[in-house]
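Structure record follows, encoded as C-alpha coordinates.
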Amino acid sequence: MSQADESLIEYPCDFPIKILGHMQAGFAQAILEVVRRHAPEFDAASVAMRTSKKGKYLSITCLIRATSREQLDALYQELCDHPMVVMVL
(Lines give C-alpha, C1' and ligand atoms only; values in the text may rest on other atoms or scores of the structure.)
Protein backbone atom coordinates (compact mmCIF):
# COMPACT_ATOMS: atom_id res chain seq x y z
CA MET A 1 0.00 0.00 0.00
CA SER A 2 1.44 3.38 -0.94
CA GLN A 3 1.47 6.31 1.47
CA ALA A 4 -1.24 8.03 -0.59
CA ASP A 5 -3.53 5.03 -0.05
CA GLU A 6 -2.96 4.82 3.70
CA SER A 7 -5.65 6.27 5.90
CA LEU A 8 -5.17 7.95 9.26
CA ILE A 9 -8.67 6.79 10.15
CA GLU A 10 -9.38 3.30 11.42
CA TYR A 11 -12.71 1.99 10.16
CA PRO A 12 -15.37 1.61 11.33
CA CYS A 13 -15.49 4.75 13.47
CA ASP A 14 -17.79 7.59 14.47
CA PHE A 15 -17.04 10.51 12.17
CA PRO A 16 -18.42 14.07 12.40
CA ILE A 17 -19.18 15.95 9.20
CA LYS A 18 -20.03 19.66 9.26
CA ILE A 19 -22.07 21.06 6.37
CA LEU A 20 -22.53 24.80 5.92
CA GLY A 21 -25.23 26.32 3.75
CA HIS A 22 -27.40 29.39 3.36
CA MET A 23 -30.34 29.55 5.75
CA GLN A 24 -33.24 28.42 3.56
CA ALA A 25 -36.29 26.21 3.68
CA GLY A 26 -35.53 22.55 3.07
CA PHE A 27 -31.77 22.78 3.59
CA ALA A 28 -31.58 20.54 6.67
CA GLN A 29 -33.95 17.96 5.17
CA ALA A 30 -31.98 17.84 1.90
CA ILE A 31 -28.71 17.34 3.78
CA LEU A 32 -30.11 14.57 5.97
CA GLU A 33 -31.36 12.74 2.85
CA VAL A 34 -27.86 12.84 1.32
CA VAL A 35 -26.24 11.66 4.56
CA ARG A 36 -28.72 8.77 4.90
CA ARG A 37 -27.97 7.61 1.35
CA HIS A 38 -24.34 7.07 2.31
CA ALA A 39 -24.84 6.10 5.97
CA PRO A 40 -28.24 4.33 6.22
CA GLU A 41 -27.82 3.69 9.95
CA PHE A 42 -27.34 7.43 10.60
CA ASP A 43 -29.35 8.64 13.60
CA ALA A 44 -30.88 12.08 12.96
CA ALA A 45 -31.03 12.59 16.75
CA SER A 46 -27.25 13.08 16.67
CA VAL A 47 -27.54 16.17 14.44
CA ALA A 48 -26.39 19.52 15.82
CA MET A 49 -27.50 22.72 14.07
CA ARG A 50 -26.27 26.26 14.54
CA THR A 51 -27.15 29.48 12.81
CA SER A 52 -24.57 32.15 12.10
CA LYS A 53 -24.61 35.37 14.15
CA LYS A 54 -26.51 37.27 11.49
CA GLY A 55 -28.73 34.33 10.57
CA LYS A 56 -27.48 34.05 6.99
CA TYR A 57 -25.96 30.56 7.31
CA LEU A 58 -26.85 27.28 8.96
CA SER A 59 -24.26 24.71 9.96
CA ILE A 60 -25.31 21.11 10.38
CA THR A 61 -23.02 18.62 12.10
CA CYS A 62 -23.84 14.96 11.48
CA LEU A 63 -22.14 12.14 13.35
CA ILE A 64 -22.02 9.07 11.11
CA ARG A 65 -20.55 5.60 11.49
CA ALA A 66 -17.87 5.65 8.79
CA THR A 67 -17.15 2.22 7.35
CA SER A 68 -14.60 3.07 4.61
CA ARG A 69 -12.70 5.84 2.91
CA GLU A 70 -14.79 5.19 -0.22
CA GLN A 71 -17.96 5.83 1.77
CA LEU A 72 -16.62 9.13 3.12
CA ASP A 73 -15.28 10.22 -0.29
CA ALA A 74 -18.66 9.56 -1.94
CA LEU A 75 -20.53 11.37 0.84
CA TYR A 76 -18.23 14.41 0.73
CA GLN A 77 -18.47 14.51 -3.08
CA GLU A 78 -22.28 14.46 -3.10
CA LEU A 79 -22.45 17.09 -0.35
CA CYS A 80 -19.93 19.36 -2.10
CA ASP A 81 -21.86 19.05 -5.38
CA HIS A 82 -25.21 19.89 -3.74
CA PRO A 83 -26.48 23.32 -4.84
CA MET A 84 -27.54 24.31 -1.30
CA VAL A 85 -24.13 23.56 0.26
CA VAL A 86 -21.52 26.29 0.68
CA MET A 87 -18.82 24.24 2.44
CA VAL A 88 -18.19 20.78 3.91
CA LEU A 89 -15.68 20.19 6.72
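Observations on the model:
- Carbon and sulfur %, accessible surface of the chain computed with the full protein complex present, 1.4 Å: 54 percent
- Mean residue ellipticity at 222 nm, helices only, the chain: -9000 deg cm²/dmol; runs of at least 4 DSSP H residues each add -39,500 (n - 2.57), and the sum is divided by the number of residues.
- Global geometry of the range 41-89, whether rounded, prolate or oblate, following the gyration tensor of its Cα atoms and the 1.5 cut on a/c: oblate
- Extension gain, Ala74 back to Thr51 (0.36 nm per residue minus Cα-Cα distance, nm): 5.7 nm
- Entry note, the chain: relative contact order of 42 percent, from Cα contacts under 8 Å with a spacing of 6+ residues.
- Rolling a 1.4 angstrom probe over the protein heavy atoms with all chains in place gives the chain an accessible area of 66 Å² per residue.
- Here the peptides 59-65, 28-34, 45-51, 83-89 are ranked by packing, the mean other Cβ count within 10 Å, and the order with the highest first is 59-65, 28-34, 83-89, 45-51.
- Note on Met87 and Gln29: with the Förster distance fixed at 22 Å, the Cβ-Cβ geometry gives a FRET efficiency of about 0.70.
- The stretch between Leu8 and Arg36 holds 7.7 nm of extra length on full extension. This uses 0.36 nm per residue minus the Cα-Cα distance.
- Percent RCO, i.e. relative contact order, over the range 28-79, from Cα pairs under 8 Å lying at least 6 residues apart: 37 percent
- Values of log10 I(q)/I(0), in the order q = 0.11, 0.21, 0.23 Å⁻¹, for the chain under a Debye, Cα-only, solvent-free model: -0.32, -0.99, -1.15
The values are calculated or read from the model by the stated rules, or taken from the named source; none is laboratory data. All values derive from a computational prediction rather than experimental measurement. Don't worry about glycine lacking a Cβ; one is built from the backbone with ideal geometry, like all the others, and counts go over all protein chains shown. Accessible surface is based on the protein model in full, side chains and every heavy atom, while ligands, DNA and RNA are left aside. Shrake-Rupley method; radii C 1.70, N 1.55, O 1.52, S 1.80 Å.
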